[in-house]
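K.L.:
This is the structure I have questions about; it appears just below.
The values are calculated or read from the model by the stated rules, or taken from the named source; none is laboratory data. Because the structure is predicted, anything quoted here is derived from the model rather than measured. In this analysis, Cβ positions are derived from the backbone assuming ideal geometry, glycine residues included, and neighbour counts consider all displayed protein chains. In case anyone asks, the SASA skips ligands and DNA or RNA and just uses the protein heavy atoms, side chains included. Shrake-Rupley method; radii C 1.70, N 1.55, O 1.52, S 1.80 Å.
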Amino acid sequence: YNQTKRQWKFPGGEIIELGALEHESSVLNYQGPSYHRIAFDEMTHFTPGQIDFMKSRIRRRAGCPITLGMRGATNPGGPSHASIKNTFVSEEALAFLRALGPKAPTPDGLVFWKGGAAFVPARIADNPHIDFEDYESRLLSMVDPVLRSRMMNGDWDVAEGLQIQE
């Protein structure tokens with residue numbers, strides 16, 4: 001690992017590079033290179049423009065057998081909530097998740113497909129390594145009901161401004 005370049009270089013010449021997109025214009029730092037795979041952590045925290053630009057960097061030489069792709073892990077919410085939901089989260093997935101009890105884990109291996117894009121749902125009940133009761137009590141104490149539902153249930157349907165005002 002080279003800490004200055006933030007990359008791992010392997011004996012065959014392969015490189016894994018860590019990057020950041022702190023500002024909208026940060027994508028320009030990646031304008032020249034080609035990438036076989038790009039992965040986002042908390043994908044909805046990036047803007048749709050950043051995601052689209054980085055998608056354009058996924059390319060390979062003609063004849064190269066490497067499979068290209070983009071991956072993202074994320075919670076609902078954030079600047080790209082709507083575009084990520086529209087791309088990955090099908091009505092079938094939403095209906096299935098709504099039917100699960102609040103403490104029921106997502107069945108192992110469950111994947112929903114929408115136009116060639118895979119969506120693997122996850123909720124707090126899916127993490128056996130956390131103190132569930134403690135984490136649940138912390139989430140239940142959150143003031144924002146939208147954020148609470150997104151964090152507890154992976155709820156992609158809940159949105160700001162849809163509550164009935166008295």
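K.L.:
Is it fair to say A62 is out of contact with any helix residue (DSSP H, G or I) (no Cβ under 8 Å at 6 or more places or on another chain), aliphatic (A, V, I, L, M) and part of a loop (DSSP other than H, G, I, E, B)?
P.N.:
yes
K.L.:
For a quick check of your reading of the model, give me the residue pairs whose first member lies in segment 42-67 and is closer than 24 Å to S80 by Cβ, whose second is charged (D, E, K, R) and not in a loop (DSSP other than H, G, I, E, B), with beta-carbon atoms closer than 7 Å and at least 6 apart or on different chains.
P.N.:
Filtered contacts from segment 42-67: T47/E24; G49/E24; Q50/E24.
K.L.:
Please go through segment 65-89 and give me each residue that is within 14 Å of D155 (Cα to Cα), in contact with a helix residue (DSSP H, G or I) (Cβ under 8 Å, 6 or more places away or on another chain) and open to solvent by less than 40 Å² (accessible area, probe 1.4 Å), ordered by number.
P.N.:
Across segment 65-89, the qualifying residues are P76, G77, H81, I84.
K.L.:
Taking only segment 72-101 into account, find how many residues are within 19 Å of A39 (Cβ to Cβ) and among the aromatic types (F, W, Y).
P.N.:
Selection size over segment 72-101: 1.
K.L.:
Enumerate the helices (runs of 4 or more DSSP H) found wholly within segment 77-163, keeping only those where 3 or more residues are farther than 26 Å from L21 by Cβ.
P.N.:
Because the criterion is at least 3 residues that are farther than 26 Å from L21 by Cβ, the helices (runs of 4 or more DSSP H) in segment 77-163 that meet it are 91-99, 132-140, 145-153.
K.L.:
All but one of (1) farther than 22 Å from P121 by Cα; (2) open to solvent by 70 Å² or more (accessible area, probe 1.4 Å) hold for R37; state the number of the condition that does not hold.
P.N.:
R37 satisfies every listed condition except (1).
K.L.:
Given the structure, is K9 farther than 30 Å from P128 by Cα, surrounded by fewer than 12 Cβ atoms within 10 Å (Cβ to Cβ) and either charged (D, E, K, R) or in contact with a Pro (Cβ under 8 Å, 6 or more places away or on another chain) (or both)?
P.N.:
no
K.L.:
Name every residue in segment 92-121 that is in contact with a strand residue (DSSP E or B) (Cβ under 9 Å, 6 or more places away or on another chain) and either at pLDDT below 90 or over 13 Å from G154 (Cα atoms) (or both), in order of residue number.
P.N.:
E92, V111, F112, W113, A118
K.L.:
Can you name every residue in segment 12-26 that is surrounded by fewer than 10 Cβ atoms within 10 Å (Cβ to Cβ) and closer than 13 Å to M54 by Cβ?
P.N.:
If the condition is that a residue be surrounded by fewer than 10 Cβ atoms within 10 Å (Cβ to Cβ) and closer than 13 Å to M54 by Cβ, then A20 is the only one that fits.
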